[in-house]
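Input: a single structure, listed below in structure tokens.
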Amino acid sequence: MPTTVTSDDRPTATALRQQEREVLSAVGCGLGDEEIAAALAVPEDTVAEHLARILAKLGLRDRAAAIVHAFDCGLVAPGQGPRPARPASRTAAVPVAGATPALRVSLLGPLRAWRDGRVLDLGHQRQQTVLAVLALGLGRPLTRRELLDDVWGLEQPAANVVPVYVYRLRKALGDGGGPAPVIEHGPRGYRLAPGAVDVDVARVEELVAGIGEAERADDPAEAVRLCSRVLELFRGEPLAGLPGPLAELERLRLTERRIAVVRRKARWQLRLGRDAEAIAELFALSAEHPLNEPSAAMLMRALQRDGRQAEALAVFERARRSLSDDLGVAPSGVLRRAHQMILRGDEAGPELGPA
């Protein structure tokens, strides 16, 4: 996993221009170039040019390193948005009948794997983390060095344990001695065999791509349906209990992914006039993530739209207390603007702001 290195010689985000800082913040929040372009009202090519300059100025290797740097330098904090979706077609979100692999791996909760419906024993936590890193790679080969960095970080094992763990995982995931191993090893490293494993994180990315297509087609009912399918895949804290630097970052990313989808779903529920459903989901989200200001602001606006001004103001007060008690900060602009809107008695529109 690419990471930033803290040193006196490393440029920081202060070396960036204002719009470059905005792009870096959006990248760290998990937005793709298309989403950033829409948010900043600039062409998508301009976003790509900004990102290229950001990488050059900060000495970062790639987009993943930019995401980590955005968190490291404080431009992005947990609770501010999703990570980028991998390109996928909307039709890919629905598997062809009979084509679903016999082996399933779930990362959206405690790590679990099933073969033909039977739960598999994946061994101890570090071994499970090796499988999780391979599953998160979505078929991209990972070298032994990458696996060591992602699973152990700075606490590298003395022995060459990666081949041992891969051997054990092959036995645990095996299909009864079939000729093709689930975990392949080639000149570029280890990877899960393409098409051999159904990984729930990959299904999320496919469904999110479908949500985007539904939104562009102005089909709110389909967008809500696909959002519901994404949320059904989450079984608790992603990668719960797994050690290692990549697992820590992915827990954050996947949690933010879920938050973004809940808010996206609520926005379209409001568009459809399903206010009670949207408010219930936003209440639950705010209870889970009391420091997430955009979610609290969206809930306040939804309550105001429903004529529940006192409840909306109570949401603001709870958020203000949580921010003060836990972080020692005052509400940001997004909460203050929602608060002022409610005090003025302004009517919130059906979309409650940009997607």
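Here the range 112-165 is the region considered, the condition is being farther than 14 Å from Ile183 by Cβ and among the small types (Gly, Ala, Ser), and the residue that is least open to solvent (accessible area, probe 1.4 Å) is Gly153. In the range 77-136, what residues are at pLDDT 50 or above and on the phi > 0 side of the Ramachandran plot? Selection gives Gly109, Asp116, Gly117, Gly123.
The rows are residues; the columns are (1) part of a loop (DSSP other than H, G, I, E, B); (2) open to solvent by 30 Å² or more (accessible area, probe 1.4 Å).
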site	(1), (2)
Arg191	no, yes
Gly195	yes, yes
Glu213	no, yes
Glu248	no, yes
Leu252	no, yes
Ala260	no, no
Glu281	no, yes
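Of the residues making up the range 228-246, those that are under 14 Å from the mean Cα position of the chain (by Cα) and part of a helix (DSSP H, G or I) are Val230, Leu231, Leu246.
The values are calculated or read from the model by the stated rules, or taken from the named source; none is laboratory data. Note that this is a predicted model, so its numbers are computed, not measured. Methodologically, a virtual Cβ is constructed for each residue, glycine included, from the backbone with ideal geometry; neighbour enumeration extends over all protein chains shown. Ligands, DNA and RNA are excluded from the accessible area calculation, which covers all protein heavy atoms including side chains. Shrake-Rupley method; radii C 1.70, N 1.55, O 1.52, S 1.80 Å.
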